[in-house]
Amino acid sequence: LVRDNVYTETSVAYTPLTGAKIQYDWNAAGVTNGLFVQDTWKIKTNLTLNYGLRWDDYGNPYSRDPNTVFGNFFHGPGQTLQQQIANGFVVAHKHALNRAITDVFSPRAGIAWDLTGNGKWLVKGGGGIFHNWPTLANLQEEYRGNPPGPIFPTFYGGQTPAPVFGLGTSNQKPFGYTYPTLPAKQLDAKGGLQGLQFNIGGIDPNLVSPVSYIYSAGLERELPSNMVASISYSGAVGRNLLSGGGQVYNVSYGQDINELPGDLILHNSTVPTRLNTSFGQVLYTQNDRVSAYNALIVGVRGRYQRAFFDASYTHSSSKDDTQVYPTYINPHQYYAPSIWDIPNRFSLVWSYEVPSPNNGLGLVGRVAGGWQVSGTAILQSGPPFTVATNAAFAPLKDSTGKFIGYAPGSGDYNADGDNRDYPDVSSYAYSTGRQAYLKGLFGTSHAAALANFPVPSTFGAEGNERYSAFRQPGFAEWDAAFIKNTKVTEAVNFQLRFEFFNLFNRANLNTVDTNLPDGNFGRATNQNVPRFLQIGGNIIF
């Protein structure tokens, strides 16, 4: 920086057709409406039915500003999907979709049945259709940076135009900074910038609302000693889910559809040609994913004069194909346990009020009385993970320069230019002991770990690894709270709280490194919080 030798500069908005630097402003809006009706019908004294219907109009987001350009990618003519992508084009519209997502009806119903009429046996169940709202952000964020709207180029040192490092001259936006001069660019016949392959986003203009069919049934039985036992089933099936829509915390989704498996090998180049040569990545969102959830839940709870507890065990399975995979072609081939799938989980919550000596009177009663002890416990198996590589394509060449295989350290196994790929797997066996997660699940050295994940046997193809076939460490934590209630006056009570989190200080390992090139590959690189104590006081009046 002292020598003004800046490496990169980005996040600066330009109008590509003029090359003018602009003050970027994204101004989109949407209007939604919903209506819900519900009724409860007591059919008999021991049988109750409730039912409802929801109607939604999720709207169609629109632009409120000339700089907010919804430049969407549309499929072109062709006999195959790849031909349609290759002939695709970008057209700017005021609205995000061809039509509003409206007239979405979601019925649901449930029953509660006291079998004997005396509360000893209880049956509960229900089902419904639930639609997900593709939010304002979901439906327009992917248009940011799409030509012909404002773009955000990256300028590199040593190239023209070069980054500019300078001082601002004003206290008012845009502060008088000097920016690189961007040559004006014309649009080609497909709406791309001539001479560039700009990464863009796109949304199926006929997108519909994702839907889940949810159902449950349960049986409760009153037991002696103020206890209740229960067993229940819960299930859900998801349809029309969004591609790449399972990405946690993201507001814009999508998977690159502008890639051709074997592209680099076909053209004998380490730079992808792309199906559609007018664009780079085309991160596209459409309704082509599914999910399923099934769970068996067993529980027992009790309530007494000074104590209560509630314990439950859940055995479940969650599967989907909603993530981003090495290829958009046939995403259902990756249908497997969800990244949040927890097959086994035990949970416990309890509380006990300690008897007060001398009914809480006198010095001893006030000091030793008013104590309450409570706690929670969670014991669960770990979520799944998939081994992958983000390394770029590195080919072996014959005497003529033709690509004939993978060089050591190569990634991008399907040679499409997108560096996210799965290897072959020699064995799915691995130790789940704590030391294995610390020293390496697949070998204590990087070389030994890599030996279990060779490059694919077919040059230019993905490996045979099953998605979500490995598991992160399990989780176990006990928390406890010691609470002292002391009456100050008849109307004022002082409560002192000692709260212990991770009471037994268990090191809950997590974040196994799943990237093959990393030196820590196969090792847990992080842990959840260790034991800590929180002390607090409340005045209640």
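Could you point to the residue in P337, V91, I265 farthest towards the positive end of the chain's charge dipole, with +1 and -1 charges on the Cβ of Lys/Arg and Asp/Glu respectively?
Farthest along the dipole direction, towards plus: P337.
Tell me what the chain gives for mean residue ellipticity at 222 nm when only DSSP H runs of n ≥ 4 count, each as -39,500 (n - 2.57), the sum divided by the residue total, rounded to 500 deg cm²/dmol. Kindly include the intermediate steps, with their values, before the conclusion.
Details: 6 runs with 34 residues, N = 541.
Only helices count here, giving -1500 deg cm²/dmol.
Keeping all protein chains in position, work out how much accessible area W26 exposes to a 1.4 Å probe, and write it in Å² to the nearest 10.
40
What is the percent carbon and sulfur in the accessible area of the chain, measuring with a 1.4 Å probe over the protein chains and ignoring ligands?
Carbon-and-sulfur percentage of accessible area, whole number: 57.
Express in nm, to one decimal, how much length is gained between A391 and A29 on full extension, taking 0.36 nm for each residue of separation and deducting their alpha carbon distance.
Extending this stretch completely gives an extra 126.4 nm.
When the Karplus curve 6.51 cos²θ - 1.76 cosθ + 1.60 is applied with θ = phi - 60°, which whole-Hz ³J(HN,Hα) does each residue of the range 375-380 get, with x for Gly and Pro?
Once θ is set to phi - 60°, the couplings for the range 375-380 become x, 9, 9, 9, 10, 8 Hz.
Which value, in Å² and to the nearest 10, is the accessible area of H267 when all protein chains are kept and the probe is 1.4 Å?
Surface accessible to solvent at H267 totals approximately 90 Å².
Could you check the spin-label model distance between L81 and W340? Points 7 Å from the Cα along Cα→Cβ, value in nm.
2.6
Give the residue from V248, W41, F500 lying farthest towards the positive end of the charge dipole for the chain; charges sit on Cβ (+1 for Lys and Arg, -1 for Asp and Glu) and the dipole is referred to the Cα centre.
Going by the charge dipole, the pick is F500.
Please work out how much accessible surface H75 shows to a 1.4 Å probe, ignoring ligands, DNA and RNA, in Å² rounded to 10.
The accessible area of H75 comes to roughly 60 Å².
Can you list the residues, at least 5 places off or on another chain, whose amide H is less than 5 Å from the amide H of A20, using H built in the peptide plane?
Answer set, sorted by chain and number: T15.
Roughly how many whole Å is it from the C-alpha centroid of the range 1-74 to that of the range 292-340?
29
Mind listing which chymotrypsin sites (Phe, Trp or Tyr not before Pro) in the range 460-529 are in a DSSP loop and have 15 or fewer other Cβ atoms within 10 Å?
F504
If you plug each phi of the range 122-128 into the Karplus form 6.51 cos²θ - 1.76 cosθ + 1.60 with θ = phi - 60°, what whole-Hz ³J(HN,Hα) values come out, in order, with x for Gly and Pro?
9, 10, 10, x, x, x, x
Can you list residues from other chains, or at least 5 along the same chain, whose modelled amide H is less than 5 Å from the amide H of V354?
W371, Q372, V373
Express in nm, to one decimal, how much length is gained between S431 and M227 on full extension, taking 0.36 nm for each residue of separation and deducting their alpha carbon distance.
This chain segment gains 69.5 nm when fully extended.
Computed from the coordinates I sent, semi-axes √(5λ) of the Cα gyration tensor in Å equals one of [x] 38, 25, 23; [y] 43, 27, 20; [z] 51, 31, 29. Tell me the label.
Of the labelled values, this structure produces [z].
If you count only protein heavy atoms with a 1.4 Å probe, what accessible area per residue comes out for the range 157-297, rounded to a whole Å²?
Normalised by residue count, the accessible surface of the range 157-297 is 51 Å².
For the pairs K120/K484; K94/K185; K21/K402; K124/K484; K319/K402; K124/K487, note any where the Cα-Cα span goes beyond 32 Å.
Details: K120/K484 37 Å; K94/K185 22 Å; K21/K402 43 Å; K124/K484 39 Å; K319/K402 42 Å; K124/K487 43 Å.
K120/K484; K21/K402; K124/K484; K319/K402; K124/K487, as the Cα separations exceed 32 Å there.
Looking at the chain only, what percent of DSSP beta bridges run antiparallel? Nearest 5 please.
So the antiparallel bridges in the chain amount to around 95 percent.
For the chain, what is the charge dipole size about the Cα centre, in debye to the nearest 20, if Lys and Arg each add +1 at the Cβ and Asp and Glu each add -1 at the Cβ? Walk me through the numbers before you get to the answer.
Values: 38 positive and 38 negative charges, 308 e Å.
In debye, rounded to 20, the chain gives about 1480.
The values are calculated or read from the model by the stated rules, or taken from the named source; none is laboratory data. Bear in mind that the values here come from a model prediction, so they are computed numbers and not experimental data. Cβ atoms come from the backbone with ideal geometry, glycine included; neighbour counts cover every protein chain shown. Accessible surface areas use protein heavy atoms only, side chains included; no ligands, DNA or RNA. Shrake-Rupley method; radii C 1.70, N 1.55, O 1.52, S 1.80 Å.
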